[in-house]
Amino acid sequence: MKKKEIFTRLFVGAVMILSISAQAQDGLFISEVTDPADDYTGRFVEFYNSGPETVDFNAVTFYLSRQSNGSTSWGDVKLAGTLASGETFVLGGSSFETIYGFPPDQVTGIITGNGNDAYVLFKDGDHTTGTIHDIYGAINTDGTDSLWEYTDSRAVRVEGITVSRTIWNAAEWVIVPANVLDTDP
């Protein structure tokens, strides 16, 4: 086999692998954000993978970041583990298992959004180094009285949404008042 042919086959193989990896990442998005009225420790953020492949958070870097009240105060958590195609991944606080009866996929202390805080999924870094992959809310904005305010509520992505967005779109979300029993991690 000639060197050029070997190189071409290797190049095509690498492009195919990168393409499959990109398809899996393109299907990752925020699917639910909660602030239950009856128990603030029941807050969680859920992700969904609509892509055809498993997303391996050890192979590709994703951070969920929360901006508090549109200020310069951020919390960041690097996602760990994997998320299979067609499945959900839940980030919850230390009380999540006690409240819901099963553990979240990952425990973190940044799930403290009180209904007016933006959650941003960053790829290849956190809020200072990554690029926006998906967003709930708006950066540098206190969400009080905004269309995306979720105080004492749950915000769920509309069924049929299969891709992430870098700008929040009200038409893609249903926000309803909720207690812990009304949420669905």
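To the nearest 20 debye, what charge dipole does the range 20-164 have about its Cα centre, counting +1 at the Cβ of each Lys and Arg and -1 at the Cβ of each Asp and Glu? Numbers along the way, then the final one.
Working: 6 positive and 21 negative charges, 49 e Å.
For this selection, approximately 240 debye.
To the nearest 500 deg cm²/dmol, what mean residue ellipticity at 222 nm is calculated for the chain from DSSP H runs of n ≥ 4 alone, each contributing -39,500 (n - 2.57), summed and divided by the residues? Intermediate results must be reported in sequence, preceding the final value.
On the way: 2 runs with 29 residues, N = 185.
Computed ellipticity for the chain at 222 nm equals -5000 deg cm²/dmol.
Here the scattering of the chain is modelled by Debye summation over its C-alpha atoms, one equal scatterer each and no solvent; at q = 0.11 Å⁻¹ the log10 of I(q)/I(0) is -0.48. Taking the 1.4 Å solvent-accessible surface of the range 80-185 as the whole, the part contributed by carbon and sulfur is 49%. Rounded to the nearest 10 square angstrom, D117 shows an accessible area of 0 square angstrom against a 1.4 Å probe.
Helix 3-26 and the long axis of the chain differ in direction by around 10°, with both axes built from C-alpha atoms.
Kindly identify the range 84-185 as rounded, prolate or oblate by the Cα gyration tensor criterion: order the square roots of the eigenvalues as a ≥ b ≥ c, call it rounded if a/c is under 1.5, otherwise compare a/b with b/c, prolate if a/b is larger, else oblate. Taking the square roots of the gyration eigenvalues as a ≥ b ≥ c, the range 84-185 is rounded.
Largest accessible area first, the listed residues Y48, Y40 line up as Y40, Y48 when surface is computed with a 1.4 Å probe on the assembled protein chains. Of all DSSP beta bridges confined to the chain, the antiparallel ones make up roughly 95%.
Each residue was assigned an accessible area with a 1.4 Å probe, and for E46 the value is about 20 Å². For the peptides 85-93, 139-147, the ranking by mean Cβ contacts within 10 Å, running from highest to lowest, is 85-93, 139-147.
For the range 51-131, which semi-axes, largest first and in whole Å, follow from the square roots of 5 times the eigenvalues of its Cα gyration tensor?
Working: eigenvalues 88, 72, 19 Å².
They are 21, 19, 10 Å, listed largest first.
The values are calculated or read from the model by the stated rules, or taken from the named source; none is laboratory data. Bear in mind the structure is a predicted one, so any value in this text is a computation, not a measurement. Cβ: placed from backbone, ideal geometry, glycine included. Neighbour counts: every protein chain shown. Keep in mind that these areas ignore ligands, DNA and RNA; they rest on the heavy atoms of the full protein, side chains included. Shrake-Rupley method; radii C 1.70, N 1.55, O 1.52, S 1.80 Å.
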